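The values are calculated or read from the model by the stated rules, or taken from the named source; none is laboratory data. Just so you know, these numbers come straight off a predicted model, no measurement behind them. As a convention, Cβ positions derive from the backbone with ideal geometry for all residues, glycine included, and neighbour counts pool all protein chains shown. Heads up: the accessible areas ignore ligands, DNA and RNA and are worked out on the full protein's heavy atoms, side chains in. Shrake-Rupley method; radii C 1.70, N 1.55, O 1.52, S 1.80 Å.
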Amino acid sequence: VKTDPKIIKEAAVKKFIDLCKKESESVRYTNATKYTKRLIFEHYIPTVHEISFATTRGKHIYDQFLSIRFLDIYVESCIGIYFLIEQGFVNIAKRELRFLLESVLKHNFIDQVMMNSPFDEKMKKYDEIVPPSSIDFVAQFKYYVDVDSVFFHASSKGLYKELCRYVHSSEEQLKEKINKSSKGHYLGFTSAIEIEEINKILFRTLELCM
């Protein structure tokens, strides 16, 4: 008996839509996505705005520090990360998290080593001071508060290495894709477990960025 390909396709699409609907309406999924939103929009971004406002009282800091002048980049990155996760593009969100972590660390390091230099001079020396795809410089960070420098160094390097796995195509990524497809989890489907897992990475990244 021949089956109309159109009917087969429609049935497959309906099955996938039902799967997505069931997952997105689950309590676990709802709680996970709410947590993502709280982390970004109720904690990190408001804190960044408070930092920006507080530094206006110190004009030399507000005008000359890369880590302050480029706060909008961090906010923009976080908003992008939220919508990527919301739409199911988890691995792309991980790539953006790497960019965020790398940017914050580099800007703060340059501000430290060129503390009294003007903004334009810092920009000219940017590529000389920090390498394009490395954060080895974190070992040279100076801390002005009670921070476990060994822990911060290890945490930053470990997280950066973990996020780098999603920047270039790898066997791990391809196997992950094959595994999802074998379960019927195609483009557009994100499980509650995946949201929970990236929330952990998101929390670690934002914690280090603060």
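Against the definition (open to solvent by less than 50 Å² (accessible area, probe 1.4 Å) and within 30 Å of I61 (Cα to Cα)), how does K122 come out, yes or no? The answer is yes for K122.
Of all the listed residues (S155, S181, S169), the sole one being in a loop (DSSP other than H, G, I, E, B) and either among the basic types (K, R) or open to solvent by 20 Å² or more (accessible area, probe 1.4 Å) (or both) is S169. Inclusion of R98 among residues that are closer than 26 Å to F137 by Cα and either in a helix (DSSP H, G or I) or in contact with a Phe, Trp or Tyr (Cβ under 6 Å, 6 or more places away or on another chain) (or both) is warranted. Does region 89-98 contain at least one residue that is among the acidic types (D, E) and surrounded by 15 or more Cβ atoms within 10 Å (Cβ to Cβ)? Looking through region 89-98, at least one residue is among the acidic types (D, E) and surrounded by 15 or more Cβ atoms within 10 Å (Cβ to Cβ). Determine whether K142 is of a type in the set (D, E, K, R), more than 21 Å from F83 (Cβ to Cβ) and not in a loop (DSSP other than H, G, I, E, B). Spelling it out, it is not the case that K142 is of a type in the set (D, E, K, R), more than 21 Å from F83 (Cβ to Cβ) and not in a loop (DSSP other than H, G, I, E, B). Checking each residue in region 99-112 for being open to solvent by 30 Å² or more (accessible area, probe 1.4 Å) and closer than 17 Å to Q64 by Cα picks out N108, Q112.
Residue check: M115 meets all listed conditions (1) in contact with an Asp or Glu (Cβ under 9 Å, 6 or more places away or on another chain); (2) open to solvent by 60 Å² or more (accessible area, probe 1.4 Å) but one, namely (1). For region 130-146, a residue qualifies if it is open to solvent by less than 50 Å² (accessible area, probe 1.4 Å) and either touching a helix residue (DSSP H, G or I) at 6+ places or on another chain (Cβ under 7 Å) or of a type in the set (K, R) (or both), and the qualifying residues are V130, I135, F137, V138, F141.
Does V130 qualify as being hydrophobic (A, V, I, L, M, F, W, C) and farther than 30 Å from I193 by Cα? Criteria met by V130.
When you scan region 183-193, do you find a residue that is more than 14 Å from L105 (Cα to Cα) and in contact with a Lys or Arg (Cβ under 7 Å, 6 or more places away or on another chain), even just one? Yes, that holds for at least one residue.
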